[in-house]
Structures are given as C-alpha cells and as structure tokens.
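Colleague: Handing you a structure now.
The values are calculated or read from the model by the stated rules, or taken from the named source; none is laboratory data. In this text the structure is predicted, and so the values were computed from the model without any measurement. Note that each Cβ is placed from the backbone with ideal geometry, even for glycine, and that neighbours are counted across all protein chains shown.
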Number of protein chains: 2
Amino acid sequence: MANPPTIKEIAKRLNLATSTVSRALHNHPRIGLRTRMQVQALARELQYEPNRTAIFFQQKKTFTLGIILPELSEAFFSAAISGIEDTANKSDYMVLLGQSHDDTEREKKIAHIMKDHRVDGLLVSLAKNTVDYSHFEMLQKYNIPVVFFDRIPDLTDIHYVACNMESGTLQAVSLLLEKGHRVIGMINGPEELIASRQRTTGYQQALRKHRLKYDATLNINSDLTGKGTREAMKQLLSNKRKVTAIVAFNDYVSQDAVQYALEQGLQIGKDITFVSYANLPLSSYMAFPPIASVEQYPYLQGQKATEILLELLTGKQAKNEFRHVVLDSRLVIR
Amino acid sequence: MANPPTIKEIAKRLNLATSTVSRALHNHPRIGLRTRMQVQALARELQYEPNRTAIFFQQKKTFTLGIILPELSEAFFSAAISGIEDTANKSDYMVLLGQSHDDTEREKKIAHIMKDHRVDGLLVSLAKNTVDYSHFEMLQKYNIPVVFFDRIPDLTDIHYVACNMESGTLQAVSLLLEKGHRVIGMINGPEELIASRQRTTGYQQALRKHRLKYDATLNINSDLTGKGTREAMKQLLSNKRKVTAIVAFNDYVSQDAVQYALEQGLQIGKDITFVSYANLPLSSYMAFPPIASVEQYPYLQGQKATEILLELLTGKQAKNEFRHVVLDSRLVIR
DNA sequence: CTGTTAGCGCTTTCAG
DNA sequence: CTGAAAGCGCTAACAG
C-alpha cells in the first residue's frame, strides 16, 4: 500500500470512468446496481478512503468550525467547548481550537489564521477587553459566518447566544435582601462587557423592588484578576457603610474575595456573605463557597451557538437576519 | 470582491505565467527583481491570499495537528492543551480538538475522523480504560505520526512524553513516613494505567527505605469516579490497622476522599492526612487541601510532545527510532 | 445508465 | 529569467 488508492485507480481496474465510480460510491440513483456493487466491493477491498483535502478544495468547504475563546482552564469555557464539539461532531464537523488568553492581539491573529485555514464558520467568545471588532468584520468579507457566545460584542448585526445576567442578578440580590442584607457590594467586571452592565441593571432592579436607593460606590468594576479583586474588596470594605454581602463576578472572583475577607479577620457567613456566578463544580471544592451562584449554562450556550452556525452553513437559516438567543440566567442556591 | 483573487488573476493582469507569479510570491531567487516587485505590489493591492486548501491538497499537508484527550474540564488537560497550542502555533500549525470523554469507543471514532481530515500528526492522551491500541496502529499505516503524552499506552515502539510517578510517589510517601505515619492508604487508579503501577512502585520504594513491609490491602485500585473513591475509602478505613494518611490519585480524588472522611466524623489533618497528585490550582480553593501534591507538568508535557511531533513532521527526527521523554514528577509541599 | 471534459488553485518539472 | 504544461483527487455539467 504505497499510495492510498484513488477513485481513478478503481476506475481503471474496472474499466469505468472516474465519474461513474464517484457516483457509484455516493449511491447516485442513476447508476446500475451491478456496477455500483462492483465499485463498492472493490473500494472496500482496496480500503479506499476519499481524500478529504481534495474534496475540501473542490467543494470550497472544510467541515471545520473554528473556536476562539479566552481560556480553556476556566471551567465555564471547557464546559462550553464540550457543547460545541458534541454538536459539531453530530453533523460531521470538526473543531479547530484557538485560545485568545484574553488578549485582543492574539484574538486577532487567531481570527486571521482561522480564515487562512478556511474554516467554514467561527464560534467566538471575546477576550475580556476587546472593543475593536474589525477582525470579525473582516471575516464577513470572506463569507465566514460568526456566531458569538457568552462574551459577545456590543453590536446588533451579529448572531449570538448569551445569558442575560439581569434575571440572575435580580434573583441573587433579592436573595440577599430577603436575608436582611442592606448594604450589598458588587464586584463587577470590566465595563466593556455587556454582562457587566446587565449585572448592574439587575442589581438596581432588585434594590428598586425593595425600595432601596442605588449607591454607585458599592458597584466596583474590576479586571477579574486576583489583584483587581483584592482592590475591589478593599474599596468595598472601606465604604462609609458596612458591607455585609458581596455579589462576586464569578466563582473564581468569589474565591479571591473570600480570601481577602478572611485576611481582614472577617467571618464568612457571619460578618459577610457571598453570592456569585457560574455555578462551577469548583465551588463544591471550596472551603467557603458562595451561598448561591448564578447558572450560565455553558454547555447549552455552546450547543445553541453551534446549532445556529450550522444552520447558517446549511442555508436553513436566512443570512440576512441575525439570530439573537438569550437564555435567562438562574440563581442556584446551594 | 466577488471571488477572492487567485494567482491566475494576478498572472493575467500582468501578462505573466501563473508559475512566474507563484515564484515571485515565494521570493524565488531566479525571478527578476522588477517582476517580483510588480507581482507583490499587485498581490497586496488585490489583497491576494493564497488558498490554503489548494495548497494542503497539493502538498498533501494540512498544517494541522489532531489532539485526542480525555476531558478538557480536567485542569490537567486544559493546561496541557495550552502547551500544545502555543507550541504548534509557533510553527504555524493549528490544533484540531477531540475529547474522548474517557470512552474508548469515542476515542476510536475520533482517531478515524482525524485521519479522514488528514491531520499531519496526532497528540494523544489515552482514555482511562483503553487497552486496545488498534486504532493507533491504523494511523501508522497512513503515515500519521502519533506522540502520546501523560496517559500513554504500555508499548515501547511509540513516541511519548510522560511523567514518572515513581519519584513523586516516593517523595510523597516519604513525607508521610517522616511525619510519623505508619499505615498509609493509597487510592490508586485503574491497573491499566502505567501511572498506577508506577505509583505502586514508588510507594513500595518508600516503605522499603524505611524498612517497612508492603501491605497490598492498603493499595486500592479505583476507577477515579466519586463513587469509586468512596468505596476505596470505605475499604481503607475498615482495614485491620488504622489508616492515618491517604495518598490520593489526584486532587479531585483527594477532594472526594476528604468529603467521605468528614462524613465519617474524622478530622482532617488530625485523624487523617492527605497528599495527592496534580498540584492543580483548584487545591488553593479547597477547604481541606492535601498537605502536598505531586506536580505533573501538564503544560510542559504538552509542549514537549508537540515539539517531538513537529520534529517528526519536519524530518529532523529519524522516524525509525522512538522518542521517550520521561519527566520526573516532584512533590510540592504547600 | 455511463463517458467525456473541464476545472477547483497551486506547485513543479521541463523547456526555452 | 520566464513560460507551458501537467497533475494533485475529486465532482459536476454536458453529452450521449
């Protein structure tokens, strides 16, 4: 078996045209049963395997979806990618991976490479401080559809799947209010993220319902690093009023915040209470897990986003209208 | 810009042969400076981009590496994949992802799809109960080199990168012995895994050094599930002798084991002490982290494995000899 | 029902 | 220094 057998090889041996062989292999209706059988038998015997790179080239399709996301070591994204992979595989698509590591430059570079590799479509969750979307607009020019998920750009003429953080935040803050907390700090994410602004809105809604006034000094934008979290905590704990509860951006941030609180001699659950987002399995390992966490359905988001992308690719979905799927986040009390 | 510009297009406009354009673009030495400049200028102007699928087809290379690993949501593997991705990208290779979810059947299927997609090479970490390696032998037939990492098959005629668990285990058990523990339980992995057997050896070595006798009933093979861990713990805690320390297969297992111990009313760090493997960031979140954890260098393993694969692909590495890179695991005391 | 022909975009002999 | 021509493996339009 020097060179893998081709369709030509089969044709020659059977004295047929390559086109006939191709059709027979594809069970084309207008091919005689006899020849079809012959061809398929020989193909099996020679262990013929179509050369996909030839097909990709010829059909201008690679059956490959590119994924750009910030960081697989964040449990949210590793769950999301499973949803993506499972859904893609069901339709015989493969997944090309690219981590931006939350760096816009890298994100751009990956977008270009993905384009060069001629992925059929792209699934993207933005790096946390990406505000320039030119590298995605570029993709439109190449007719490569993009579906964003979770960390989506602030644009309307795009396809996306996301979780609305308002509902979950409303529930989270309400829970704290019902437990009697009156001064609730919020460690929010970078302002660039839509999700950060939604958290603010949800927070405000909850206060309004309870006829309490919103105090902007209790809502801190942080960069989600350990350092940023500590600074946010420092600010919150030095607020004029005594903060008794914290809404942390996610379970990792919550963990860092807890750490800081402990260092300040606070007792978790007594002096200060935490809720957060993501509802990651990691919280079951934590010494002081948040009392509740807002579920963001990573697997589902990945799945939905991929379904939309596949519809776009198979033309089931009109390309001129933009799909916006918004899941409601939901508080999970432990 | 209906259809992306091709080399042909450029040739026509400049009244050149496509071959000349191709050469000019590649800075072929025997092309006149003038024409080279002309071509490159026009290429830039038209925003020419080579059609990689054509090149892949023609060169029989896809500049794509396939990755098959058990589960990205395990921190070890998400770290490893970063090492892989970074190294691959440096050489302009992309990464096709496939998770086996620790299921041999899925692993086989993915191996076939990867072959169909004509990946240039494959990086593999085995599903936990894979014992039949026929799907990897199949790849050799197609001249697709495979480099295994971490969870490697028990074969010698393969390339691999792995961590030797003996050294780390020796250190871990020694630490416990030095702290005065005399009855040390071990929650080991499935027997199929080489790493499980290495742990056993390391454990025995440590005992021997301290002139203690090995007791097989203290070394339990488990399936690494939560349930399996609980059963292993139950067995260990009902041993004739009183177990005062546990060596857990990894930080996740350690966590489950701690949970069980707590339920049995044991005090962690007093009645019973834990050490484990992986040294994952997650342990910093844990309520009762192991007092030490054996580092297994996921990023480095991914990096090394990829380097070897790339050498194989660029022919720098003789294909007839097999590369075995073994890193020594090392105990990290918290 | 099957064959002929052309072509996808690029590289690479072989000629000149 | 440049051109002509072939070919990678496959599909598809067009003929019969």
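Colleague: For the stretch A:25-43, does any single residue satisfy the condition of being near DNA strand D (Cβ under 9 Å from one of its atoms), part of a helix (DSSP H, G or I) and not assigned by TED's automatic domain parsing to the domain that holds residue A:93?
Modeller: yes
Colleague: Oh, and also: Which condition breaks for residue B:236 when tested against (1) among the hydrophobic types (A, V, I, L, M, F, W, C); (2) at pLDDT 95 or above; (3) on the phi > 0 side of the Ramachandran plot?
Modeller: Unmet condition: (3).
Conditions tested, residue by residue: (1) at pLDDT 95 or above; (2) near DNA strand D (Cβ under 7 Å from one of its atoms).
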| position | (1), (2) |
| --- | --- |
| A:1 | no, no |
| A:8 | no, yes |
| A:68 | yes, no |
| A:73 | no, no |
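Colleague: Suppose we filter the stretch A:34-57 for residues that are without any contact (Cβ under 8 Å) to a residue 40 or more places away in the chain and acidic (Asp, Glu); how many remain?
Modeller: Residues flagged as without any contact (Cβ under 8 Å) to a residue 40 or more places away in the chain and acidic (Asp, Glu) within the stretch A:34-57 amount to 1.
Colleague: Now for a separate question. Going by what's in this entry, would residue B:257 be described as crowded, with 24+ Cβ neighbours inside 10 Å, under 23 Å from residue B:130 (Cα atoms) and touching a residue at least 40 places away in the same chain (Cβ under 8 Å)?
Modeller: Considered against the rule, which asks whether it is crowded, with 24+ Cβ neighbours inside 10 Å, under 23 Å from residue B:130 (Cα atoms) and touching a residue at least 40 places away in the same chain (Cβ under 8 Å), residue B:257 comes out as no.
Colleague: Working only within the stretch A:63-105, note down all residues that are among the hydroxyl-bearing types (Ser, Thr, Tyr), under 17 Å from residue A:303 (Cβ atoms) and at the interface with chain B (Cβ under 8 Å from one of its Cβ atoms).
Modeller: A:78, A:82
Colleague: Which condition does residue A:108 not pass, out of (1) at pLDDT 95 or above; (2) in a helix (DSSP H, G or I); (3) within 30 Å of residue B:106 (Cβ to Cβ), if it passes all the others?
Modeller: For residue A:108, the failing item is (3).
Colleague: For the subset of the stretch A:222-240 comprising residues that are without any contact (Cβ under 8 Å) to a residue 24 or more places away in the chain and among the charged types (D, E, K, R), which member is surrounded by the fewest Cβ atoms within 10 Å (Cβ to Cβ)?
Modeller: A:240
Colleague: Could you list all residues from the stretch A:1-30 that are near DNA strand C (Cβ under 9 Å from one of its atoms) and under 45 Å from the mean Cα position of the chain (by Cα)?
Modeller: Hits for the stretch A:1-30 are A:18, A:19, A:20, A:21, A:22, A:23, A:24, A:28, A:29, A:30.
Colleague: Another question, if that's okay. Taking the stretch B:13-23, which residues are more than 7 Å from DNA strand D (Cβ to nearest atom) and either of a type in the set (Gly, Ala, Ser) or part of a loop (DSSP other than H, G, I, E, B) (or both)?
Modeller: B:22
Colleague: Just one of the numbered conditions (1) within 30 Å of residue B:61 (Cα to Cα); (2) over 24 Å from the mean Cα position of the chain (by Cα) is not true of residue B:232; which one?
Modeller: Condition (1) is where residue B:232 drops out.
Colleague: What is the residue count in the stretch B:106-120 for residues that are within 7 Å of chain A (Cβ to nearest Cβ) and in contact with a Phe, Trp or Tyr (Cβ under 6 Å, 6 or more places away or on another chain)?
Modeller: The number of residues fulfilling the criteria is 0.
Colleague: Being away from DNA strand C (no atom under 11 Å from the Cβ) and part of a helix (DSSP H, G or I): is that true of residue B:58 here?
Modeller: So residue B:58 fails the test.
Colleague: Something else: Search the stretch B:121-132 for residues being more than 12 Å from the chain's Cα centre (by Cα) and surrounded by 16 or more Cβ atoms within 10 Å (Cβ to Cβ), and hand back the single one that is farthest from the other protein chains (Cβ to nearest Cβ).
Modeller: Step by step, filter the stretch B:121-132, then rank; the result is B:130.
Colleague: Select from the stretch A:275-334 the residues that are hydroxyl-bearing (Ser, Thr, Tyr) and surrounded by 19 or more Cβ atoms within 10 Å (Cβ to Cβ) and list them in ascending order.
Modeller: Those that are hydroxyl-bearing (Ser, Thr, Tyr) and surrounded by 19 or more Cβ atoms within 10 Å (Cβ to Cβ): A:276, A:277, A:283, A:285, A:293, A:297, A:306, A:329.
Colleague: How many residues are touching a Ser or Thr at 6+ places or on another chain (Cβ under 8 Å) and away from every other protein chain (no Cβ under 14 Å) when one looks only at the stretch B:266-278?
Modeller: Number of matching residues: 5.
Colleague: Next question. Give the residues of the stretch B:31-45 that are farther than 13 Å from residue B:7 by Cβ, polar (S, T, N, Q) and within 14 Å of DNA strand C (Cβ to nearest atom), sorted by residue number.
Modeller: B:35
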